[in-house]
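Undergrad: Following this message is one structure expressed as structure tokens.
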Amino acid sequence: MWLNFSGGRALVTGAGKGIGRDTVKALHALGTAVIAVSRTNTDLVSLSEQCPGVETVCVDLGDWEATERALGNVGPVDLLVNNAATLLMQPFLEVTKDVFDRTFNVNLRSVVQVSQIVARGMIQRGVPGSIVNVSSMVAHVTFPNLAVYSSTKGAMTALTKIMAAELGPYKIRVNSVNPTVVPTAMSQKALTYPDLARKLKERHPLRKFAEVEDVVNSILFLLSDRSASTSGSGILVDAGYLAS
């Protein structure tokens with residue numbers, strides 16, 4: 001499937017590592033001007049070396065005021081990938097206010113804020129656009145110690161549909177991708193318990209986790225005109241987990 005993003009401008013959050021980083025690299029390779037957002041400056045420096053010309057913004061998206069200062073005048077954006085997330089594991093009975101607030105601020109509130117900034121710009125310019133929210137299969141299934149993280153992803157499912165409904169009249173599409181475990185630093189936190197990785201793989205009909213490339217390909221599809229009639233949807237990249 002041939003995708004053409006040349007002439008467009010994309011913003012990717014959580015761009016320093018994992019899915020976000022590879023999304024930036026893929027968009028850059030396809031001729032897109034990319035704004036990479038991360039709270040870790042060293043990651044942005046190395047990304048700039050790999051992808052010359054990529055704009056970088058270093059900001060903690062969990063800080064509303066700092067995000068407004070950093071992105072409030074970001075300029076025209078045609079494509080947005082809300083990928084930034086934090087995973088802080090706690091059993092439900094031990095969930096603290098700090099973990100709850102931090103997780104929701106980064107995983108969900110920043111999606112609202114950054115999407116507002118970008119969508120308002122699209123509307124003012126009178127141009128169509130595409131927004132992809134990076135969710136998780138744990139929006140639909142439960143795992144121990146992920147009460148808060150899973151709640152943010154469940155809420156993201158509703159938010160994606162609401163955004164699609166309200167932004168649709170402006171020709172702005174909004175979708176999500178919902179991957180299973182992928183080999184990133186964040187995902188490894190969920191696999192620190194004995195036998196969990198083995199048991200998880202056995203539950204997947206394909207007997208594998210997803211690769212980062214699999215998730216990136218779904219993101220690119222949803223960003224592109226190849227999905228021109230798709231909005232308010234979520235693509236499961238779960239190796240069949242929810243089918244079993």
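Taken together, the values in this text are just the output of simple stated rules run on the coordinates, not laboratory data. None of these values were measured; they are calculated from a predicted model. Every residue, glycine among them, receives a Cβ derived from its backbone with ideal geometry; neighbour counts consider all protein chains shown.
Undergrad: For each of Asp78, Asp101, count neighbouring Cβ atoms within 10 Å of the residue's Cβ, then give the residues from fewest to most.
TA: Least crowded to most crowded, the residues run Asp101, Asp78.
Undergrad: Could you rank the peptides 226-236, 24-34 by their average count of other C-beta atoms within 10 Å per residue, with the highest value first?
TA: Per-residue mean Cβ counts within 10 Å order the peptides as 24-34, 226-236.
Undergrad: For the chain, build the charge dipole from Cβ charges (+1 Lys, Arg; -1 Asp, Glu) around the Cα centre, then report which of Phe92, Pro205, Met163 sits farthest towards its positive end.
TA: The one lying farthest along the dipole's positive direction is Pro205.
Undergrad: Just want the ordering: Leu11, Leu220, from fewest to most Cβ atoms lying within 10 Å of their own Cβ.
TA: Leu220, Leu11
Undergrad: How would you rank Thr56, Thr160, going from fewest to most other Cβ atoms within 10 Å of each one's own Cβ?
TA: Thr56, Thr160
Undergrad: Report, in deg cm²/dmol and to the nearest 500, the calculated mean residue ellipticity at 222 nm for the chain, where each DSSP H run with n ≥ 4 adds -39500 (n - 2.57) and the sum is divided by the residue count.
TA: When only DSSP H runs of four or more count, the value is -12500 deg cm²/dmol.
Undergrad: Can you give the relative contact order of the chain as a percent, counting alpha carbon pairs under 8 Å and 6+ residues apart?
TA: Once normalised by length, the contact order is 19 percent.
Undergrad: Next up: Report the number of Lys pairs in region 51-208 whose alpha-carbons are under 24 Å apart, with separation of 8 or more residues or on distinct chains.
TA: For region 51-208, qualifying lysine pairs total 12.
Undergrad: Take the alpha carbon atoms of region 116-157, find their center, do the same for region 72-91, and report the distance between the two centers in whole angstrom.
TA: 9 Å
Undergrad: Once Lys and Arg get +1 and Asp and Glu get -1 on their Cβ, which of Gly7, Ala66, Ser176 lies farthest toward the positive end of the dipole of the chain?
TA: It is Ser176.
Undergrad: Counting Lys and Arg as +1 and Asp and Glu as -1, what is the net charge of the other residues whose Cβ lies under 11 Å from the Cβ of Pro128?
TA: For residues surrounding Pro128, the net value is +1.
Undergrad: Place a +1 charge on the Cβ of each Lys and Arg in region 72-148 and a -1 charge on the Cβ of each Asp and Glu, then give the dipole magnitude about the Cα centre in debye, rounded to the nearest 20.
TA: 220 debye
Undergrad: For the chain, what is the charge dipole size about the Cα centre, in debye to the nearest 20, if Lys and Arg each add +1 at the Cβ and Asp and Glu each add -1 at the Cβ?
TA: 400 debye
Undergrad: First check a/c for region 9-237, with a ≥ b ≥ c the square roots of the eigenvalues of its C-alpha gyration tensor; if it is under 1.5, answer rounded, and if not, answer prolate when a/b is larger than b/c or oblate otherwise.
TA: Taking the square roots of the gyration eigenvalues as a ≥ b ≥ c, region 9-237 is rounded.
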